[in-house]
1. Given G223, C258, G238, which one lies farthest toward the positive end of the charge dipole of segment 208-266, if we put +1 on the Cβ of every Lys and Arg and -1 on the Cβ of every Asp and Glu?
2. Classify segment 313-361 as rounded, prolate or oblate, taking a ≥ b ≥ c as the square roots of the eigenvalues of its Cα gyration tensor: rounded when a/c is under 1.5, otherwise prolate if a/b is larger than b/c and oblate if not.
3. What number of lysine-lysine pairs in segment 308-452 show an alpha-carbon separation below 14 angstrom, given a sequence spacing of 8 or more or placement on distinct chains?
4. Among W61, W26, rank each residue by its count of other Cβ atoms within 10 Å, from fewest to most, as a rough exposure measure.
5. Hey, what number do you get for the chain at 222 nm if only DSSP H runs of n ≥ 4 count, each worth -39500 (n - 2.57), divided across all residues, to the nearest 500?
6. Can you list the GluC sites (Glu not before Pro) in segment 217-279 that are in a DSSP coil and have 15 or fewer other beta carbons within 10 angstrom?
7. By counting other Cβ atoms within 10 Å of each Cβ, how are Y349, Y76 ranked from fewest to most?
8. Ordered by residue, what ³J(HN,Hα) values in Hz, to whole numbers, does segment 144-154 give under the Karplus form 6.51 cos²θ - 1.76 cosθ + 1.60, where θ = phi - 60° and Gly and Pro are x?
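FYI, it's all coordinate maths here, none of it is from the lab. Since we're looking at a predicted model, the values are computed, not measured. Glycine also receives a Cβ, built like all others from the backbone with ideal geometry; neighbour counts cover every protein chain displayed.
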Amino acid sequence: MSSFSTNPSNSPSPSSSSRPTDDTLWSLTAASMPTILILGGSYGGLQCASTLIKGGLPEGWRVIVVDRNDHFNHLYVFPRVSILPEYAPKAFIPITQLLPPPHLYLHSTLISLSATHATVSLPPSSQTPTTLSIPYQYLVYALGGSLPPPIDLSKSDGTKAAGLEMLKIEKKKIDSLKKGGRVLVIGGGALGIQLASDVREAWKGEREVCLLHSRERLLNRFGERMHEETKSRFDALGITYFLGERAIIPPEGFNLNCTTPKSVTTSKGNVIQCDVILMCTGQTPLSHHLIPHFNSCIDPKTKLVRVLKTTQIESGEATGETAGVDGRMFAIGDCCYQQDVVMAGYTAYNQGTVAGKNILKHISHSTPSTSASSSTTPSTPLKLDEYEWEAPAIKLTLGILNYMIQTPDDSDESIDPKQRPAKYIVGENGEEDLGVDGMWKFFGVGDVDRTE
Ligand SMILES: Cc1cc2nc3c(=O)[nH]c(=O)nc-3n(C[C@H](O)[C@H](O)[C@H](O)COP(=O)(O)OP(=O)(O)OC[C@H]3O[C@@H](n4cnc5c(N)ncnc54)[C@H](O)[C@@H]3O)c2cc1C
């Protein structure tokens with residue numbers, strides 16, 4: 001990723017640009033200033049905003065990013081900091097400085113969306129107004145997906161303080177168990193694997209850890225070697241695992257809130273006794289806000305938003321046509337299906353770049369040029385950028401300092417990118433805080449107090 005940062009000395013400090021004034025809020029409802037509205041200010045949405053602001057957005061236009069969190073929530077480190085809470089303040093990074101006036105990062109929750117407006121609710125601490133209807137010319141839908149319970153902060157008020165409290169919940173439960181207490185992790189994706197190995201190590205083997213995964217292979221979107229290496233690391237740590245078996249969920253669901261002994265029966269009839277369950281399954285794309293007006297843009301099975309390679313929302317299944325007015329609606333990141341790429345921060349980020357560049361092209365194409373030498377006029381066909389397929393890549397922690405990386409081997413460029421082999425690094429020299437300070441620098445707030 002290239003840096004998001006602007007020159008920090010020219011930027012207002014994060015704390016100085018906290019809540020917009022009521023006048024600013026009311027002005028958002030006015031249609032006078034053309035607006036690019038980005039729903040979701042995370043890996044995809046923020047990169048799109050940065051591309052627009054740094055990429056020559058014409059004067060008079062503004063970018064508004066709507067997000068229910070008041071800080072950037074760096075999800076990659078959530079499992080780690082939920083187990084080692086001393087690092088948790090680093091997982092919430094101030095970002096309002098990325099959108100200097102007339103642009104705005106608006107801490108608010110999307111309630112509904114039409115073809116012309118988005119209605120958002122402001123946090124309860126705001127005085128007036130409490131809801132706003134924001135008109136837009138371009139929309140970027142970047143709401144990602146729901147998160148599994150151990151790292152789901154969506155029920156909080158979106159503040160850093162509330163997020164820090166919620167991230168302590170699982171640790172408190174595991175702390176309260178006696179030596180030999182049993183933790184069952186359901187789900188063998190990256191989150192489940194990382195939590196299982198961190199719990200086993202952080203409690204120095206004094207908690208039994210078992211992982212249950214419905215597929216035969218862990219991390220099935222990645223190379224076989226990731227699966228094999230994870231299994232041998234689990235063996236070394238003393239983590240038991242059941243693969244190819246589903247947990248049979250009782251109609252009332254598991255009681256995830258308490259530490260009383262429970263048994264979980266699997267689809268193969270095994271019964272696993274445990275005290276704490278960490279549910280690490282069940283991410284759902286947050287596409288539902290499109291249903292009332294753009295239902296055909298959502299795949300009914302996966303709930304993913306259909307998009308073209310240009311990142312414009314597609315009007316229906318394989319129509320090749322854009323949704324909304326004049327192709328001005330875009331979707332990026334975990335909420336959409338894009339050429340079967342792995343859902344990841346880097347793919348959301350790169351899609352954000354494409355969406356941002358395309359909006360700039362669209363605007364300049366629709367705005368008659370005053371320069372006689374300009375080659376971009378409304379009569380020139382508009383050629384938009386396309387998001388290029390990316391190979392799966394991951395850094396997976398396997399305990400506090402152990403990790404494994406898979407990246408594509410790009411050394412021979414004559415090989416079709418989809419056919420290139422993967423390369424792997426296995427290491428034991430990781431960092432407890434996962435090098436999260438680098439992300440603060442990336443956002444241009446490397447010098448800011450981590451408790452901000
Ligand atoms: C534990 C974990 C570790 C990971 N590690 C890596 C990694 O190392 N590398 C990597 O590349 N990827 C990693 N990923 C995947 C990566 O985090 C996701 O692919 C990425 O977050 C997708 O980015 P996004 O911008 O599409 O959506 P998200 O990051 O999900 O962001 C969506 C944003 O929308 C906001 N939002 C949602 N609903 C509303 C609403 N109604 N109103 C207002 N705002 C709303 C949310 O607050 C959020 O900020 C990891 C994921 C997890 C869970």
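1. G223
2. Working: a/c = 2.64, a/b = 1.27, b/c = 2.08.
In terms of gyration-tensor shape, oblate.
3. Numbers: K309/K357; K309/K383; K357/K383; K361/K383; K395/K423.
So the count works out to 5.
4. Values: W61 20, W26 13.
With the sparsest Cβ surroundings first, the list reads W26, W61.
5. Numbers: 10 runs with 99 residues, N = 452.
Here the helix-only value at 222 nm equals -6500 deg cm²/dmol.
6. Numbers: sites: E224, E228, E229, E245, E252; in loops: E245, E252.
In loop regions of segment 217-279 (DSSP not H, G, I, E or B), the sparsely surrounded GluC sites (Glu not before Pro) are E252.
7. Values: Y349 23, Y76 19.
In order of increasing Cβ crowding within 10 Å: Y76, Y349.
8. x, x, 5, 10, x, x, x, 10, 8, 9, 5
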